[in-house]
Structures are given as structure tokens and as C-alpha cells.
Amino acid sequence: MTQESSPSSEGGTRSGPPRSGPRRDGPSGAGGGGRYGGPPGLRRPRRKVCTFCVDKVQRIDYKDVGRIRRYISDRGKIDPRRKSGTCAKHQRMLTTALKRARLMAMLPYTADHVRGLMSPQARAMAGGPPPPKPERPPFRPAGEFRPAGAPPRPAPAPQPAAPGPQPAAPVPAGQPPTTEG
């Protein structure tokens, strides 16, 4: 039993001229990878422009929270240059301004929903409020033990006082004893 191989099977050859170089579907290469050498259909996004350079900003102020808040992600991280489009010079200034605004409590270090996901112990380790203390059972004197849920024992009957002289109260240290008479 021998198997015949056809040109379309795994071991066959491809018909047609061999391809060489990048494939372009049109003069601009819009359909395929074109000049960028990627898979067909993917284009490189347009280069972003630094908004600080456009506005001719010399110094980014940490007190301008409305402006610098746009450069923090929804999780509270500082956006990278490739996402925000800032130039290297302004990205350094922006990072410093954001860190100063966080230090002055104008901006949060993390987002609210991320803080909600943390355990109370992890929140305390990060400098937040301490975890709530567990509920403590009511105080019971040392001589009285009973399991939880057991009915209370009746109090012992008071013993009648013995007739006779009453013992004197102890005198606090540093005071002379007083005599009654």
C-alpha cells in the first residue's frame, strides 16, 4: 500500500512564481504591511503631538491638577510617553509634577476601586487606616466561668453580718491614722 502525494498535500510544492520583498496592495501600501513590514491589514498609528510643546509650556506646575490629571490611568498609574504623546522633556517634568501632587495629597496614589480590592491588612501596610478590631465578648470575672449561651447561675445568698466590732478600714500610706472618740 503506497500513498500518492498530491501537490496540495503537506509534501507538495506551491505553484506560481516565488515572492520576494514586501508585498504592496497599492501605491501607498495601505492594504498590507507595506513599508512597516508587519502583517497585512495593520497600520502604524499616527504619531501623537506633545500638547505641552504645542502650548509652549516652559514648566509644568503640580498645582494645575486639572491639566495633569489627564496623564494618570484609571488605576492611578502615570501614563507612558507612547500613550500620552508627550515629548521626553515634558514627560520628565510631568512625572515630577504628578509625584509632587500625590505627595501634597492633591492626587491619589491609587484609584478608589483598587483600594477597595485590598484586604484591610494590606491597606494598613500601605499606610492606610488600621483594620477594624474584632468584636470582643463581654467581660467575665475570673471566678465565674460558664459556656456561652448557658443560663446565668443564681447569685449566692448574702450571709448575715456577725455582731461585734467592725474592722477598721485600712489607712492609706503617707497619712497619719485618725482616732475617733
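Quick grid of which residues meet (1) farther than 30 Å from PRO134 by Cβ; (2) surrounded by 13 or more Cβ atoms within 10 Å (Cβ to Cβ):
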| residue | (1), (2) |
| --- | --- |
| LEU42 | yes, no |
| VAL54 | yes, no |
| ARG59 | yes, no |
| LYS63 | yes, no |
| ARG75 | yes, no |
| THR86 | yes, yes |
| ARG115 | no, yes |
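When residues in the stretch 108-141 are screened for being more than 25 Å from ILE68 (Cα to Cα), in a loop (DSSP other than H, G, I, E, B) and either in contact with a Cys (Cβ under 9 Å, 6 or more places away or on another chain) or of a type outside the set (Lys, Arg) (or both), 12 of them pass. Can we say ALA105 is modelled with pLDDT of 75 or more, in a loop (DSSP other than H, G, I, E, B), closer than 27 Å to ASP61 by Cα and small (Gly, Ala, Ser)? Answer is yes for this residue.
The values are calculated or read from the model by the stated rules, or taken from the named source; none is laboratory data. Just so you know, these numbers come straight off a predicted model, no measurement behind them. Note that each Cβ is placed from the backbone with ideal geometry, even for glycine, and that neighbours are counted across all protein chains shown.
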